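The values are calculated or read from the model by the stated rules, or taken from the named source; none is laboratory data. What you see is a predicted model; the values in this text were computed from it and never measured. Here the Cβ positions follow ideal geometry from the backbone for every residue, glycine too, while neighbour counts run over all protein chains shown. Keep in mind that these areas ignore ligands, DNA and RNA; they rest on the heavy atoms of the full protein, side chains included. Shrake-Rupley method; radii C 1.70, N 1.55, O 1.52, S 1.80 Å.
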Amino acid sequence: MDVTMPQLGETVAEATVTRWLKQPGDAVDEGEPLFEVATDKVDTEIPASAGGTLSEILVAVDQTVPVGTRVAVINGPGEERGPSDSAQAAVTVPEPPSAAPTRAARNGSLSPLVRKLLAEHELRPDQVTGTGPGGRITRGDVAAAVARRGKAASAGSDSTEQARRPPIPQAVPAVQSTPAAAAPTGEGAGSPDGTLVPFTSIRRRTAEHMVRSKATSAHTLMAVEVDYSAVDRVRKRRSEEWRRTEGFGLSYLPFVSRAVVDALGAYPHLNASVHGDGLLLHREVHLGIAVDLDADGLVVPVIRSAGGKRLRRIAQEVSEYAARARAGRLRADELGGGTFTISNPGPYGTSLTVPIINQPQVAILATDSVRPSPVAVPTGSGGEYALAVRPVGNVALSFDHRAVDGAYAARFLAEVRKNIEERNWDAEF
(Lines give C-alpha, C1' and ligand atoms only; values in the text may rest on other atoms or scores of the structure.)
Protein backbone atom coordinates (compact mmCIF):
# COMPACT_ATOMS: atom_id res chain seq x y z
CA MET A 1 0.00 0.00 0.00
CA ASP A 2 1.28 3.45 -0.92
CA VAL A 3 1.65 6.06 1.82
CA THR A 4 1.10 9.60 0.55
CA MET A 5 1.69 13.06 1.97
CA PRO A 6 -1.68 13.90 3.55
CA GLN A 7 -3.65 17.11 3.24
CA LEU A 8 -2.59 19.01 6.37
CA GLY A 9 -4.90 21.97 5.91
CA GLU A 10 -6.99 23.75 3.36
CA THR A 11 -4.17 26.16 2.46
CA VAL A 12 -1.23 23.75 2.80
CA ALA A 13 0.07 22.56 -0.58
CA GLU A 14 3.36 20.93 0.47
CA ALA A 15 5.22 19.71 3.53
CA THR A 16 8.74 18.73 4.60
CA VAL A 17 9.57 15.33 6.05
CA THR A 18 11.57 16.03 9.21
CA ARG A 19 11.91 12.55 10.71
CA TRP A 20 11.11 8.93 9.95
CA LEU A 21 9.90 7.07 13.05
CA LYS A 22 10.16 3.69 11.33
CA GLN A 23 12.77 2.18 9.01
CA PRO A 24 12.38 -0.31 6.13
CA GLY A 25 11.68 -3.74 7.55
CA ASP A 26 9.96 -2.45 10.70
CA ALA A 27 6.46 -3.63 11.59
CA VAL A 28 3.85 -0.89 11.56
CA ASP A 29 0.40 -0.86 13.16
CA GLU A 30 -2.46 1.10 11.65
CA GLY A 31 -2.65 4.49 13.36
CA GLU A 32 0.90 4.25 14.73
CA PRO A 33 3.05 7.38 14.12
CA LEU A 34 5.09 6.75 10.97
CA PHE A 35 6.88 10.02 10.19
CA GLU A 36 6.99 13.68 11.18
CA VAL A 37 6.42 16.64 8.88
CA ALA A 38 6.67 20.40 9.09
CA THR A 39 4.84 23.16 7.27
CA ASP A 40 4.90 26.91 7.72
CA LYS A 41 1.96 26.49 10.12
CA VAL A 42 2.42 23.33 12.14
CA ASP A 43 4.77 20.45 12.99
CA THR A 44 2.99 17.13 13.37
CA GLU A 45 3.24 13.34 13.32
CA ILE A 46 1.61 11.39 10.48
CA PRO A 47 0.11 8.01 11.46
CA ALA A 48 0.24 4.94 9.29
CA SER A 49 -2.95 4.48 7.28
CA ALA A 50 -2.59 0.68 7.33
CA GLY A 51 -0.76 -2.03 9.22
CA GLY A 52 2.01 -4.23 7.85
CA THR A 53 5.73 -3.92 7.17
CA LEU A 54 7.39 -0.72 5.99
CA SER A 55 9.18 -1.83 2.81
CA GLU A 56 10.21 1.43 1.18
CA ILE A 57 10.91 5.05 2.11
CA LEU A 58 10.61 7.20 -0.99
CA VAL A 59 11.15 10.67 0.50
CA ALA A 60 14.24 11.49 2.53
CA VAL A 61 14.43 13.67 5.63
CA ASP A 62 14.43 17.41 4.84
CA GLN A 63 12.83 16.79 1.46
CA THR A 64 9.75 18.87 0.61
CA VAL A 65 7.02 17.33 -1.52
CA PRO A 66 3.49 18.33 -2.60
CA VAL A 67 0.40 16.95 -0.91
CA GLY A 68 -0.50 13.55 -2.43
CA THR A 69 3.10 12.54 -3.21
CA ARG A 70 4.05 8.90 -2.51
CA VAL A 71 6.40 8.96 0.47
CA ALA A 72 6.58 5.29 1.48
CA VAL A 73 5.21 1.80 0.87
CA ILE A 74 3.72 -0.54 3.49
CA ASN A 75 3.34 -4.23 2.63
CA GLY A 76 0.39 -6.07 4.06
CA PRO A 77 0.55 -9.60 5.52
CA GLY A 78 1.95 -12.08 3.00
CA GLU A 79 3.27 -9.41 0.63
CA GLU A 80 6.96 -9.41 -0.18
CA ARG A 81 8.47 -6.53 -2.01
CA GLY A 82 11.99 -5.17 -1.82
CA PRO A 83 12.95 -1.53 -2.03
CA SER A 84 12.65 -0.10 -5.51
CA ASP A 85 15.52 1.58 -7.29
CA SER A 86 13.80 4.93 -6.88
CA ALA A 87 13.51 4.41 -3.12
CA GLN A 88 17.19 3.51 -2.82
CA ALA A 89 18.16 6.52 -4.85
CA ALA A 90 15.96 8.81 -2.81
CA VAL A 91 17.15 7.61 0.58
CA THR A 92 20.48 5.80 0.45
CA VAL A 93 22.29 7.47 -2.44
CA PRO A 94 21.77 11.22 -2.14
CA GLU A 95 23.03 13.36 -4.95
CA PRO A 96 26.38 14.97 -4.08
CA PRO A 97 26.24 18.67 -3.32
CA SER A 98 27.00 21.04 -6.12
CA ALA A 99 30.29 22.86 -5.82
CA ALA A 100 28.63 26.14 -6.69
CA PRO A 101 24.91 26.17 -5.89
CA THR A 102 22.91 28.29 -8.30
CA ARG A 103 20.77 31.23 -7.23
CA ALA A 104 17.70 29.20 -8.19
CA ALA A 105 18.81 26.37 -5.94
CA ARG A 106 19.30 28.80 -3.07
CA ASN A 107 16.07 30.73 -3.50
CA GLY A 108 13.58 29.11 -5.84
CA SER A 109 13.75 25.61 -4.31
CA LEU A 110 13.60 26.52 -0.65
CA SER A 111 11.06 24.50 1.31
CA PRO A 112 8.59 26.31 3.61
CA LEU A 113 10.46 24.90 6.60
CA VAL A 114 13.83 26.20 5.38
CA ARG A 115 12.35 29.62 4.55
CA LYS A 116 10.92 29.77 8.05
CA LEU A 117 14.23 28.78 9.66
CA LEU A 118 16.15 31.34 7.60
CA ALA A 119 13.73 34.07 8.68
CA GLU A 120 13.86 32.98 12.33
CA HIS A 121 17.67 33.18 12.40
CA GLU A 122 17.89 36.28 10.17
CA LEU A 123 19.92 34.51 7.51
CA ARG A 124 19.96 35.00 3.74
CA PRO A 125 20.08 31.97 1.43
CA ASP A 126 23.46 33.08 0.06
CA GLN A 127 24.90 32.83 3.59
CA VAL A 128 24.17 29.10 3.75
CA THR A 129 25.95 26.35 1.80
CA GLY A 130 23.43 23.86 0.47
CA THR A 131 24.32 20.17 0.66
CA GLY A 132 21.08 18.79 -0.74
CA PRO A 133 20.50 17.64 -4.31
CA GLY A 134 21.64 20.31 -6.74
CA GLY A 135 22.93 22.47 -3.91
CA ARG A 136 19.53 22.73 -2.28
CA ILE A 137 19.54 24.12 1.26
CA THR A 138 18.27 21.71 3.92
CA ARG A 139 17.27 22.16 7.53
CA GLY A 140 20.62 20.75 8.61
CA ASP A 141 22.44 23.33 6.48
CA VAL A 142 20.64 26.15 8.27
CA ALA A 143 21.47 24.62 11.67
CA ALA A 144 25.14 24.36 10.67
CA ALA A 145 25.19 28.00 9.54
CA VAL A 146 23.65 29.10 12.84
CA ALA A 147 26.24 27.12 14.79
CA ARG A 148 29.11 28.61 12.75
CA ARG A 149 27.75 32.11 13.30
CA GLY A 150 27.53 31.49 17.06
CA LYS A 151 31.13 30.30 17.22
CA ALA A 152 32.31 33.28 15.16
CA ALA A 153 30.46 35.70 17.42
CA SER A 154 31.98 34.07 20.49
CA ALA A 155 35.50 34.19 19.04
CA GLY A 156 35.05 37.78 17.94
CA SER A 157 33.86 38.76 21.39
CA ASP A 158 36.87 37.09 23.02
CA SER A 159 39.28 38.82 20.62
CA THR A 160 37.71 42.22 21.22
CA GLU A 161 37.87 41.75 24.98
CA GLN A 162 41.53 40.72 24.76
CA ALA A 163 42.36 43.82 22.69
CA ARG A 164 40.70 46.07 25.28
CA ARG A 165 42.84 44.78 28.15
CA PRO A 166 45.80 47.03 28.98
CA PRO A 167 49.24 45.42 28.82
CA ILE A 168 50.74 44.28 32.09
CA PRO A 169 53.76 46.46 32.99
CA GLN A 170 56.96 44.45 32.68
CA ALA A 171 58.40 45.81 35.94
CA VAL A 172 55.50 44.41 37.94
CA PRO A 173 55.39 40.63 38.22
CA ALA A 174 52.11 39.26 36.99
CA VAL A 175 49.92 37.62 39.61
CA GLN A 176 48.74 34.18 38.61
CA SER A 177 44.97 34.28 38.39
CA THR A 178 42.48 31.50 38.96
CA PRO A 179 42.17 29.37 35.83
CA ALA A 180 39.25 30.55 33.70
CA ALA A 181 36.24 28.33 33.34
CA ALA A 182 36.02 26.42 30.10
CA ALA A 183 34.19 28.28 27.37
CA PRO A 184 30.64 27.04 26.92
CA THR A 185 30.01 24.86 23.92
CA GLY A 186 27.01 23.75 21.94
CA GLU A 187 23.75 25.47 22.84
CA GLY A 188 25.34 27.78 25.35
CA ALA A 189 28.17 29.05 23.16
CA GLY A 190 28.58 32.82 23.05
CA SER A 191 26.80 33.57 26.33
CA PRO A 192 29.21 34.51 29.14
CA ASP A 193 26.43 34.91 31.74
CA GLY A 194 24.89 31.45 31.50
CA THR A 195 23.54 28.86 29.13
CA LEU A 196 21.83 30.12 26.00
CA VAL A 197 18.88 27.89 25.10
CA PRO A 198 17.79 28.61 21.52
CA PHE A 199 14.08 29.06 20.92
CA THR A 200 12.33 26.13 19.36
CA SER A 201 10.38 26.85 16.22
CA ILE A 202 7.04 26.91 18.04
CA ARG A 203 8.47 28.97 20.91
CA ARG A 204 9.73 31.56 18.42
CA ARG A 205 6.39 31.66 16.59
CA THR A 206 4.58 32.13 19.89
CA ALA A 207 6.91 34.96 20.89
CA GLU A 208 6.56 36.73 17.55
CA HIS A 209 2.77 36.44 17.66
CA MET A 210 2.56 37.83 21.20
CA VAL A 211 4.78 40.83 20.43
CA ARG A 212 2.84 41.56 17.25
CA SER A 213 -0.45 41.40 19.13
CA LYS A 214 0.68 43.88 21.79
CA ALA A 215 1.80 46.25 19.05
CA THR A 216 -1.48 45.86 17.14
CA SER A 217 -4.32 45.97 19.68
CA ALA A 218 -5.22 48.50 22.36
CA HIS A 219 -5.20 45.90 25.13
CA THR A 220 -7.52 46.62 28.08
CA LEU A 221 -8.16 44.34 31.07
CA MET A 222 -11.41 43.76 32.94
CA ALA A 223 -12.21 41.03 35.47
CA VAL A 224 -15.11 39.75 37.59
CA GLU A 225 -15.45 37.30 40.46
CA VAL A 226 -17.62 34.28 39.73
CA ASP A 227 -19.36 31.97 42.21
CA TYR A 228 -19.05 28.41 40.88
CA SER A 229 -21.48 26.85 43.38
CA ALA A 230 -23.99 25.78 40.70
CA VAL A 231 -21.21 24.24 38.63
CA ASP A 232 -19.68 22.46 41.62
CA ARG A 233 -22.98 20.85 42.56
CA VAL A 234 -23.27 19.28 39.12
CA ARG A 235 -19.61 18.26 38.98
CA LYS A 236 -19.84 16.48 42.34
CA ARG A 237 -22.98 14.60 41.37
CA ARG A 238 -21.76 13.54 37.95
CA SER A 239 -17.96 13.30 38.24
CA GLU A 240 -17.74 9.50 38.71
CA GLU A 241 -20.20 8.69 35.94
CA TRP A 242 -18.52 11.21 33.66
CA ARG A 243 -15.05 9.76 34.13
CA ARG A 244 -16.39 6.26 33.62
CA THR A 245 -18.14 7.10 30.34
CA GLU A 246 -15.79 9.74 28.91
CA GLY A 247 -12.41 8.63 30.26
CA PHE A 248 -11.35 12.05 31.57
CA GLY A 249 -12.29 14.39 34.41
CA LEU A 250 -15.06 16.98 34.27
CA SER A 251 -13.27 20.30 34.79
CA TYR A 252 -14.57 23.86 35.00
CA LEU A 253 -13.40 24.71 31.46
CA PRO A 254 -16.33 23.19 29.50
CA PHE A 255 -18.80 25.07 31.72
CA VAL A 256 -16.99 28.36 31.17
CA SER A 257 -16.73 27.66 27.44
CA ARG A 258 -20.48 27.04 27.17
CA ALA A 259 -21.22 30.21 29.15
CA VAL A 260 -18.88 32.26 26.95
CA VAL A 261 -20.31 30.95 23.68
CA ASP A 262 -23.85 31.89 24.75
CA ALA A 263 -22.71 35.34 25.94
CA LEU A 264 -21.03 36.00 22.60
CA GLY A 265 -24.39 35.47 20.93
CA ALA A 266 -25.67 38.45 22.89
CA TYR A 267 -22.47 40.51 22.45
CA PRO A 268 -21.29 39.80 18.88
CA HIS A 269 -18.83 42.70 18.75
CA LEU A 270 -16.44 40.55 20.80
CA ASN A 271 -16.75 37.67 18.34
CA ALA A 272 -15.13 39.79 15.67
CA SER A 273 -11.92 41.05 14.07
CA VAL A 274 -10.74 44.48 12.96
CA HIS A 275 -10.66 44.91 9.18
CA GLY A 276 -9.36 48.27 7.98
CA ASP A 277 -11.71 50.95 9.26
CA GLY A 278 -14.39 48.52 10.38
CA LEU A 279 -15.24 45.55 12.56
CA LEU A 280 -16.05 42.19 10.94
CA LEU A 281 -18.71 40.38 13.01
CA HIS A 282 -18.39 36.62 12.52
CA ARG A 283 -21.51 34.56 11.91
CA GLU A 284 -20.21 31.54 13.82
CA VAL A 285 -18.36 31.24 17.13
CA HIS A 286 -15.16 29.28 16.44
CA LEU A 287 -13.77 28.92 19.94
CA GLY A 288 -10.00 28.67 20.40
CA ILE A 289 -8.67 26.87 23.50
CA ALA A 290 -5.06 27.70 24.40
CA VAL A 291 -3.03 24.54 25.10
CA ASP A 292 0.29 24.76 26.93
CA LEU A 293 3.19 22.71 25.52
CA ASP A 294 5.38 23.01 28.62
CA ALA A 295 8.39 25.20 27.81
CA ASP A 296 7.98 24.91 24.05
CA GLY A 297 5.17 27.45 23.66
CA LEU A 298 1.45 27.12 23.15
CA VAL A 299 -1.01 26.31 20.40
CA VAL A 300 -4.68 27.20 20.04
CA PRO A 301 -6.81 24.47 18.46
CA VAL A 302 -10.27 25.64 17.44
CA ILE A 303 -13.70 24.17 18.26
CA ARG A 304 -15.68 24.88 15.09
CA SER A 305 -19.24 26.22 15.31
CA ALA A 306 -19.17 26.01 19.11
CA GLY A 307 -22.49 27.85 19.36
CA GLY A 308 -24.34 24.74 18.27
CA LYS A 309 -22.59 22.34 20.67
CA ARG A 310 -23.66 21.36 24.16
CA LEU A 311 -21.35 21.04 27.13
CA ARG A 312 -20.55 17.36 26.64
CA ARG A 313 -19.41 17.80 23.04
CA ILE A 314 -17.34 20.87 23.93
CA ALA A 315 -15.65 18.92 26.75
CA GLN A 316 -14.89 16.01 24.43
CA GLU A 317 -13.29 18.25 21.81
CA VAL A 318 -11.26 20.18 24.41
CA SER A 319 -9.87 16.92 25.81
CA GLU A 320 -9.14 15.47 22.38
CA TYR A 321 -7.43 18.59 21.03
CA ALA A 322 -5.31 19.03 24.17
CA ALA A 323 -4.08 15.42 23.99
CA ARG A 324 -3.28 15.61 20.28
CA ALA A 325 -1.61 19.01 20.65
CA ARG A 326 0.79 17.70 23.28
CA ALA A 327 1.49 14.66 21.10
CA GLY A 328 2.19 16.88 18.07
CA ARG A 329 -0.70 15.44 16.07
CA LEU A 330 -2.82 18.49 15.28
CA ARG A 331 -3.56 19.33 11.66
CA ALA A 332 -2.90 22.81 10.36
CA ASP A 333 -6.58 23.46 9.65
CA GLU A 334 -7.39 22.73 13.32
CA LEU A 335 -5.27 25.69 14.42
CA GLY A 336 -6.71 28.49 12.30
CA GLY A 337 -9.94 30.40 11.92
CA GLY A 338 -10.72 31.04 15.58
CA THR A 339 -12.97 34.01 16.44
CA PHE A 340 -12.56 34.08 20.26
CA THR A 341 -10.05 32.40 22.60
CA ILE A 342 -10.09 31.06 26.15
CA SER A 343 -6.90 30.59 28.18
CA ASN A 344 -7.15 28.34 31.23
CA PRO A 345 -4.24 28.79 33.68
CA GLY A 346 -6.52 28.19 36.67
CA PRO A 347 -5.39 24.60 37.37
CA TYR A 348 -1.98 26.05 38.30
CA GLY A 349 -3.44 28.20 41.08
CA THR A 350 -3.40 31.61 39.37
CA SER A 351 -5.35 34.51 40.87
CA LEU A 352 -5.55 37.04 38.03
CA THR A 353 -4.24 36.48 34.52
CA VAL A 354 -3.74 39.17 31.87
CA PRO A 355 -3.98 37.24 28.59
CA ILE A 356 -2.70 38.58 25.25
CA ILE A 357 -5.22 38.74 22.41
CA ASN A 358 -4.89 36.07 19.74
CA GLN A 359 -4.76 38.08 16.51
CA PRO A 360 -6.79 38.92 14.50
CA GLN A 361 -9.42 38.46 17.23
CA VAL A 362 -10.48 41.34 19.47
CA ALA A 363 -10.78 39.59 22.85
CA ILE A 364 -9.52 36.68 24.93
CA LEU A 365 -10.83 35.38 28.26
CA ALA A 366 -8.76 33.78 31.04
CA THR A 367 -10.13 31.53 33.78
CA ASP A 368 -8.18 31.61 37.04
CA SER A 369 -8.21 29.13 39.89
CA VAL A 370 -11.38 28.35 41.79
CA ARG A 371 -10.85 28.19 45.55
CA PRO A 372 -13.04 28.31 48.69
CA SER A 373 -13.59 31.96 49.62
CA PRO A 374 -15.75 33.86 52.14
CA VAL A 375 -18.79 35.41 50.46
CA ALA A 376 -21.53 37.65 51.88
CA VAL A 377 -24.87 36.07 50.93
CA PRO A 378 -28.29 37.64 51.53
CA THR A 379 -30.38 35.96 54.23
CA GLY A 380 -33.73 37.49 53.35
CA SER A 381 -35.50 40.61 52.14
CA GLY A 382 -34.35 42.79 55.02
CA GLY A 383 -30.98 43.56 53.52
CA GLU A 384 -29.13 41.31 55.96
CA TYR A 385 -26.20 39.11 54.98
CA ALA A 386 -24.46 36.07 56.35
CA LEU A 387 -20.94 34.87 55.72
CA ALA A 388 -20.65 31.68 53.65
CA VAL A 389 -17.79 29.81 52.03
CA ARG A 390 -18.25 29.40 48.28
CA PRO A 391 -16.04 28.24 45.35
CA VAL A 392 -14.97 31.53 43.76
CA GLY A 393 -12.64 32.35 40.89
CA ASN A 394 -11.78 35.30 38.69
CA VAL A 395 -12.67 35.50 35.01
CA ALA A 396 -10.52 38.08 33.19
CA LEU A 397 -11.11 39.59 29.75
CA SER A 398 -8.47 41.29 27.64
CA PHE A 399 -10.23 43.21 24.87
CA ASP A 400 -9.20 45.50 22.04
CA HIS A 401 -10.38 49.02 22.90
CA ARG A 402 -10.48 49.80 19.18
CA ALA A 403 -13.39 47.37 18.83
CA VAL A 404 -15.52 48.03 21.92
CA ASP A 405 -15.64 50.29 24.95
CA GLY A 406 -15.41 49.30 28.60
CA ALA A 407 -19.16 49.31 29.23
CA TYR A 408 -19.78 46.80 26.43
CA ALA A 409 -17.02 44.52 27.74
CA ALA A 410 -18.38 44.82 31.30
CA ARG A 411 -21.88 43.79 30.17
CA PHE A 412 -20.40 40.82 28.36
CA LEU A 413 -18.54 39.70 31.50
CA ALA A 414 -21.71 40.14 33.55
CA GLU A 415 -23.51 37.88 31.09
CA VAL A 416 -20.77 35.24 31.36
CA ARG A 417 -20.98 35.37 35.15
CA LYS A 418 -24.76 35.10 35.09
CA ASN A 419 -24.59 32.08 32.78
CA ILE A 420 -22.11 30.30 35.06
CA GLU A 421 -23.92 31.09 38.30
CA GLU A 422 -27.59 30.76 37.33
CA ARG A 423 -27.85 28.24 34.49
CA ASN A 424 -29.54 24.91 35.05
CA TRP A 425 -26.46 22.86 34.25
CA ASP A 426 -28.24 19.56 34.79
CA ALA A 427 -30.10 20.24 31.56
CA GLU A 428 -26.79 20.08 29.67
CA PHE A 429 -26.49 16.38 30.52
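Structure data summary
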item: Amide H contacts under 5 Å for I303, placed H, 5+ residues apart; result: L287, G288, I289
item: Placed amide H near A15: partners under 5 Å, 5+ positions off or other chain; result: V65, V67
item: Given charges at beta-carbon only (K, R positive; D, E negative), |dipole| of the stretch 268-321 in Debye; result: 480 debye
item: Estimated distance in nm for a label pair at Y348 and D193, the labels positioned 7 Å out from Cα along Cα-to-Cβ; result: 2.3 nm
item: Spin-label pair D296/S239, simplified geometry with 7 Å Cα→Cβ offset, distance in nm; result: 3.1 nm
item: Largest to smallest accessible area among T379, T200 [probe 1.4 Å]; result: T379, T200
item: Value of relative contact order over the stretch 359-429, rounded to a whole percent, pairs C-alpha under 8 Å and six or more apart; result: 30 percent
item: Segments 310-316, 388-394 sorted - mean Cβ within 10 Å per residue, highest first; result: 310-316, 388-394
item: Translational diffusion coefficient (Stokes-Einstein; Kirkwood radius from C-alpha pairs) of the stretch 298-429 at 4 °C, 1.567 mPa s, in µm²/s; result: 75 µm²/s
item: Stretch gain in nm, segment A207-A386, where the contour uses 0.36 nm per residue and the Cα spacing is subtracted; result: 59.7 nm
item: Per-peptide average of other Cβ atoms within 10 Å, ordering 298-305, 53-60 highest first; result: 53-60, 298-305
item: Charge dipole (the stretch 185-308, unit charges on Cβ, about Cα centre) - positive-most of L270, P254, G288; result: P254
item: Accessible area in the full protein assembly, largest first, 1.4 Å probe, for L365, L221; result: L221, L365
item: Heavy atoms of W242: accessible area, 1.4 Å probe, square angstrom to 10; result: 10 Å²
item: Cα gyration tensor shape of the stretch 283-322, rounded if a/c is under 1.5, else prolate or oblate by comparing a/b with b/c; result: oblate
item: Label-point gap, in nm, between Y408 and R371 - each point 7 angstrom along Cα→Cβ; result: 3.5 nm
item: Förster radius 56 Å - calculated FRET efficiency between E79 and L221, Cβ distance, rounded to 0.05; result: 0.35
item: Dipole-positive endmost among A327, T341, Q316 within the stretch 315-356 (Cβ charges, Cα centre); result: A327
item: Cβ charges +1 (Lys, Arg) and -1 (Asp, Glu), total dipole of the stretch 200-327, debye; result: 380 debye
item: Full-stretch length increase - A323, L280 - with 0.36 nm per residue and alpha-carbon distance subtracted; result: 12.3 nm
item: Heavy atoms of F199: accessible area, 1.4 Å probe, square angstrom to 10; result: 110 Å²
